1. Within segment 475-504, work out how many residues are free of Cβ contacts under 8 Å to residues at least 40 places away in the same chain, more than 23 Å from Asp373 (Cβ to Cβ) and surrounded by 15 or more Cβ atoms within 10 Å (Cβ to Cβ).
2. Please work out which residue is farthest from Ala454 (Cα to Cα), limiting yourself to segment 344-384 and to residues that are in contact with a Ser or Thr (Cβ under 8 Å, 6 or more places away or on another chain) and open to solvent by 30 Å² or more (accessible area, probe 1.4 Å).
3. With respect to Val299, is the statement that it is at pLDDT 95 or above and touching a Gly at 6+ places or on another chain (Cβ under 9 Å) true?
4. Can you name the condition, by its number, that Ala145 falls short on among (1) open to solvent by less than 10 Å² (accessible area, probe 1.4 Å); (2) assigned to a strand (DSSP E or B)?
5. Inspect segment 298-320 for any residue being surrounded by fewer than 17 Cβ atoms within 10 Å (Cβ to Cβ) and more than 27 Å from Glu386 (Cα to Cα) and give the result as yes or no.
6. Could you list all residues from segment 96-116 that are modelled with pLDDT under 95 and not in a strand (DSSP E or B)?
7. State which residue is most open to solvent (accessible area, probe 1.4 Å) when the search covers only segment 222-260 and only residues that are within 18 Å of Cys352 (Cα to Cα) and not in a loop (DSSP other than H, G, I, E, B).
8. Just to check your reading of the model, which residue among Ser514, Ser525 is out of contact with any Cys (no Cβ under 8 Å at 6 or more places or on another chain) and more than 22 Å from Gly83 (Cα to Cα)?
Amino acid sequence: MASRSVPHTLARATAATVSIKREPVYGLDPSGSRPSLPLQRSKLTELRAAVTSYQPTEAATSGRADQGQLSAWTSIAQERWEGKLIVEGEIPLWLSGTYLRNGPGIWHVDNHHFGHLFDGFGTLVRLHFDNGSLTAGHRQIESEAYKAAKKNNRLCYREYSETPKANNLLSYLRSLLGFFSGRFLTDNANNGVVLLGDGRVLCLTETVSGSVLIDPDTLDTVGKFEFADRVWGMVQSPHPMVTEKEFLTVLPDLVRNGYNLVSMKAGTNERKVIGRVDCRGGPSPGWMHSFPVTVNYLVVPEMLLRYSMPNLLQGVPTPLKWYPESGSFMHVMCRSSGKIVATVEVPPFMTCHFINAYEEVDEEGRVTSIIADCCEHNADPTTILERLKLHSLRSFAGQDILPDARVGRFRIPLNGETIGELDSALDPEEHGRGMDMCNVNPAYLGRPYRYAYACGAQRPCNFPNTLTKMDLVEKTARNWHEEGSVPSEPYFVARPGATEEDDGVVISIVSCKSGEGYALILDGSSFEEIVRANLPYGLPYGFHGCWVPKK
């Protein structure tokens, strides 16, 4: 029988947290020694002078008075910047390459302000590491949606919770036609960024049209990624599985109520269908932000939170709807044959991000089940999505309103049983009952693993505000927290030649309550801070990143 998910009526988090209170950080000079305070201030003055000469337009700064100082939820004041950062600490010399992070950066068009975190126009951030030095930069993604909004001073494409207003019946009918053709769906690639096996870098969102190529060195938008095939689909998982050889993703089929799993070989633009999964419950496919993959299998989750065709056609604030009676399922497909080898019903669950998955084998080496771990949220999705509205994020006044979350562990049997299990892989108190934006050592994707990195919580809070390293074998966690700050997804970069799973560093970008921000590096093993580099101003919150090794 399945182990049913129950509400977590847990006490306030007691996990050991490294809480840091600092005097102002001024950094080290290139020689690695700490300069005198006047010299430190002088260097910061020079750094800030490089960007303060830019005068943002009235549209760029409008609305800031009621947005508060926290830089995480404040529109960035300029489209691009680049400069060398003063570093406090010592960057490992082996860390050579570029970290890219994608996320929303501008939440307004002229005097119209967006209402939801997911609506913001994409902003790329770049941290380039070379021989112990760090250069940073950011730039807006030049999507058609962003360029049209700038040109016309109004929203021209449908975003997550924003829809261009139809002036009359004719324009409404045109919008419906554009919806079904995908022409009016946004290409605002503000969610993910991945390094393809051939070296190209691709920014993604949940619409197929929102696949945009960028130059990782300059952050220039190269152009829209054009798929050279006839595989149809309006939406996609913005979290593909990418290896040196292929690009794997899932295309929910909103018309025939199912999912197509596709593969694209490195160096090509042509997707090929591996196989198809038909939905077991509900009027439409379950929403799928990410999906788990093992060495031999692809797993398609089917949640109670489903795409809603009426919502999409009517242009209501969300394209999703919660169907509590529709059932939740996990479908398992063989990667080589495309055949469905198992479909099991599982307890109702809500997740955006799967952490990892792997195969369990018996004494004779036969695969008996699949383990799939996710960031499982214990709340109605309507509540979760409501809490991500910008007015809610900006108006935090100390209430503990972040919904509980845990590491949900699925066990999916492959012996013909029709019921799967869902339990907790770790006591949620270890990470403050907050859990999202997860990451593992890429070498362990699809394989048995021990460590996961994610954003957790130190309560009271209304958004994940810590970084956490979870040991899923010892069932413990180590946490990093700084009062009043919001860190983005922790990204693990392994040390070349490492033999231990956690031998490397964790990179994050932190937005501060004061309106400032900094790049942060933690030791992957001890989870202690080893590097901090102040940015000239705080950056908005970002979603996901990737690592581009030095050529």
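The values are calculated or read from the model by the stated rules, or taken from the named source; none is laboratory data. Being a predicted model, the structure only gives us computed values, none of them experimental. Glycine also receives a Cβ, built like all others from the backbone with ideal geometry; neighbour counts cover every protein chain displayed. Areas reflect the complete protein model, heavy atoms only, side chains present, ligands, DNA and RNA absent. Shrake-Rupley method; radii C 1.70, N 1.55, O 1.52, S 1.80 Å.
1. 1
2. In this case the residue turns out to be Asp362.
3. The answer is no for Val299.
4. (2)
5. Looking for residues that are surrounded by fewer than 17 Cβ atoms within 10 Å (Cβ to Cβ) and more than 27 Å from Glu386 (Cα to Cα), one finds none in segment 298-320, hence no.
6. Asp110, Asn111, Phe114, Gly115, listed by residue number.
7. Checked segment 222-260; the qualifying residue most open to solvent (accessible area, probe 1.4 Å) is Met241.
8. Just a single option satisfies the conditions, and that option is Ser525.
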